[in-house]
Amino acid sequence: AAGSTVGVLSSVDVDAANTFTYSLVSGTGSTDNAAFSISGANLQIIASPDFETKSSYSIRLRTADQGGLSFEKAFTINVNNLNEVPTDLALSATAINENVAAGSTVGVLSSVDVDAANTFTYSLVSGTGSTDNAAFSISGANLQIAASPDFETKSSYSIRLRTADQGGLSFEKTFTININNLNEVPTDLALSSTIINENVAANTPVGTLSSTDQDTGNTFTYTLVAGTGDTDNATFSITGNSLRINITPDFETKSSYAIRVRTTDQGGLAFDKEFTITVNNVCEVIDTVTQASGVLTADQAGAIYQWIQCPATILTGENGQSFTPTAIGSYAVIVTVGLCSVISTCVNVTTLGNPDFEEKSKFVMYPNPSKGIVNIESDYDADLNIVNQLGQTVKTEKISSEEINTFNIENLADGVYFVNEKKGNKTITHKLILKK
């Protein structure tokens, strides 16, 4: 401390009983007199000394006896160099890129100590700010991260470090280690829909593209690119993030397309993915009705028919392609081909056809269902077409009036068929079930 006693002064004099007074005097060796004072016989240092600042002082002292006789002498006061506590701890870098390998060095540790020749050891210690100590290790003076860091998972770490000199004196400090966010490759590409109906207009959107990327603030551009699965790229285009078809698709011509799409982020990193675009087979059943002389005829041939009185009254037994209303009103037909069904618009009937036609005509087909032999009785001659559910004519026959007409259809596959009888300009359809 300031004012500490350096030593006690004493004098050599042949007069044993003499007494002495001491003082600091100018002269040779008095360079540092101002740094000291004298109290009685005690030489005291005025300010706390520091070896690293000044390791020795030169002073000139006088002793004077009671008779005024004196003697002067120069002294060198040496300052002992003591080991002192480190005063600071530094780390050459406090940030590291995400995705570096486990065990990578974050930075190099160094200590601030007034003792220039000291050596130091470093350690991770518990205390304020030591939350993430377990994520790091120290090798010599190198601070290393234990596992590969990921900015999106954890963007910074808090650690507490200690430096200790060879004498065991130490200093502790808290550091924040920041993780640098690097641009990363997109990891996936999605299309909101991969199905489109046939017959839609050219340039109709198929779906919206979106990207999966760890970097939440990224923006993306989308392109059709060459590579595996790019067979039908030319059939499509991309506007913004909308995938569009360039043509009107037709299920019967092509039921699916293969394309390859790339997403590219603002940093140029890209991810490619193949998609199959499926074309929906839309019902293409004709849903119109022709009215002539009070008779309604569905324009779709070779189908299953159910006539209704609008808005929704089923007309029992009215299952032919043609229907002759017996009352003025509004009528429609439900037309079914395979799995597709449509309903026509309602047709207003204001003039009835010949009401005597159905009363005077006879057409009987049996057995129905049939195992392969069909008998038909009619009171008029007619041409018959047997049509399958695809609208294809599979057999043609002629029937004669007033006799049993027998036909063999065992060569046909089991299923539902339609027997169209033509009488003049009128066609009547009857359903026939074949079940062998």
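The values are calculated or read from the model by the stated rules, or taken from the named source; none is laboratory data. These figures come from a predicted structure and were not determined experimentally. Reconstructed Cβ throughout: ideal geometry from the backbone, glycine too, with neighbour counts over all protein chains shown. Protein only, heavy atoms only, side chains kept; ligands, DNA and RNA dropped before computing areas. Shrake-Rupley method; radii C 1.70, N 1.55, O 1.52, S 1.80 Å.
Going by a ≥ b ≥ c, the root eigenvalues of the Cα gyration tensor, does the stretch 273-371 fall in the rounded group (a/c under 1.5), the prolate group (a/b larger than b/c) or the oblate group? Intermediate values should be presented prior to the final figure.
Values: a/c = 3.08, a/b = 1.69, b/c = 1.82.
Oblate, because a/c is 1.5 or more while a/b does not exceed b/c.
Given that compact globular proteins tend to follow 2.2 N^0.38 Å, what is the ratio of the alpha-carbon Rg of the stretch 275-329 to that value? Mind showing how you got there, number by number?
On the way: Rg = 15.5 Å, N = 55, 2.2 N^0.38 = 10.1 Å.
Its radius of gyration relative to the 2.2 N^0.38 Å reference: 1.53.
Which net charge results for the neighbourhood of Asn368, defined as the other residues with beta-carbon distances under 13 angstrom from its beta-carbon, given Lys and Arg at +1 and Asp and Glu at -1? Show your work: numbers first, answer last.
Details: positive: Lys371, Lys431, Lys435; negative: Glu377.
That works out to +2.
Beyond a 32 Å Cα-Cα separation, which of these cross-linked pairs lie in this structure: Lys54/Lys173; Lys398/Lys436; Lys371/Lys426; Lys254/Lys398; Lys154/Lys273? Can you show the working numbers first?
On the way: Lys54/Lys173 29 Å; Lys398/Lys436 24 Å; Lys371/Lys426 29 Å; Lys254/Lys398 40 Å; Lys154/Lys273 29 Å.
Result: Lys254/Lys398 exceed 32 Å.
What number, rounded to the nearest 500 deg cm²/dmol, is the helix-based mean residue ellipticity at 222 nm of the chain, given -39500 (n - 2.57) per DSSP H run of at least four residues and division by all its residues? All intermediate terms of the calculation are to be shown ahead of the outcome.
Working: 1 runs with 5 residues, N = 436.
For the chain, the value works out to 0 deg cm²/dmol.
Give me the distance in nm between label points sitting 7 Å out from Cα along the Cα-to-Cβ direction at Ala226 and Lys436, one decimal.
With each label point 7 Å from Cα toward Cβ, the separation is 5.6 nm.
If Lys and Arg each add +1 and Asp and Glu each add -1, what is the summed charge of the other residues whose beta carbon sits under 14 Å from the beta carbon of Ser104? Write down the numbers at each step before the final one.
Numbers: positive: none; negative: Glu98, Asp150.
Charge balance near Ser104 sits at -2.
Given a 10 angstrom Cα cut-off, can you work out which residue in Asp32, Asp165, Asp232 is the most mobile in a GNM of the chain?
Answer for the Gaussian network model of the chain: Asp32.
Which of Ser256, Ser330, Ser242 moves the most in a Gaussian network model of the chain with Cα springs under 10 Å?
Ser330
Taking 0.36 nm per intervening residue step and subtracting the Cα-Cα distance, what contour gain separates Thr351 from Asp383 on full extension? Numbers along the way, then the final one.
Numbers: separation 32, 0.36 × 32 = 11.52 nm, distance 2.80 nm.
Stretched fully, the Thr351-Asp383 segment lengthens by 8.7 nm.
Write down the accessible area per residue of the chain in Å², having rolled a 1.4 Å probe over the full set of protein chains. Provide the component values of the computation, followed by the final result.
On the way: 23150 Å² over 436 residues.
Roughly 53 Å² per residue, with all protein chains present.
Determine the gain in length on full extension of the stretch Cys283-Asp299; use 0.36 nm per residue of separation and subtract their C-alpha separation, reporting nm with one decimal.
Numbers: separation 16, 0.36 × 16 = 5.76 nm, distance 1.53 nm.
Additional length available on full extension: 4.2 nm.
How much net charge surrounds Thr253 when only other residues with a Cβ under 14 Å from its Cβ are counted (Lys, Arg +1; Asp, Glu -1)? Present the calculation step by step, with values, prior to reporting the outcome.
On the way: positive: Lys254; negative: Glu198, Asp232, Asp250, Glu252, Glu284.
Its environment carries a net charge of -4.
What spacing in nm lies between the two simple spin-label points modelled at Ile46 and Asn408, each 7 Å away from Cα in the Cβ direction?
A separation of 14.2 nm, rounded to one decimal place.
Starting from the Cα of Ile373, step 7 Å along the direction of its Cβ; do the same at Ser123; then give the gap between the two resulting points in nm.
It is 10.8 nm.
Given Cα pairs under 8 Å that are at least 6 residues apart, what percent is the relative contact order of the chain? Kindly include the intermediate steps, with their values, before the conclusion.
Numbers: 1003 pairs, mean separation 33.8, N = 436.
Reported as a whole number, the value is 8 percent.
Largest first and in whole Å, give the semi-axes of the stretch 301-436's equivalent ellipsoid, each being the square root of 5 times a Cα gyration tensor eigenvalue.
Numbers: eigenvalues 138, 76, 26 Å².
Value: 26, 19, 11 Å, ordered largest first.
Once you've got the GNM for the chain with C-alpha springs shorter than 10 Å, pick whichever of Thr276, Thr194, Thr53 has the biggest mean-square fluctuation.
It is Thr53.
How much of the accessible area of the chain, in percent, comes from carbon and sulfur atoms when a 1.4 Å probe is used?
On the way: 11830 of 23150 Å².
In the chain, the share of accessible area belonging to carbon and sulfur is 51 percent.
Tell me which label goes with the value of Cα Rg over 2.2 N^0.38 Å computed from the coordinates here: (i) 1.17; (ii) 0.97; (iii) 2.45.
Structure-derived value, by its label: (iii).
Using r as the Cβ-Cβ distance of Ala327 and Asp150, and R0 as 60 Å, what FRET efficiency do you calculate, to the nearest 0.05?
Working: r = 79 Å, r/R0 = 1.31.
That gives a FRET efficiency of 0.15.
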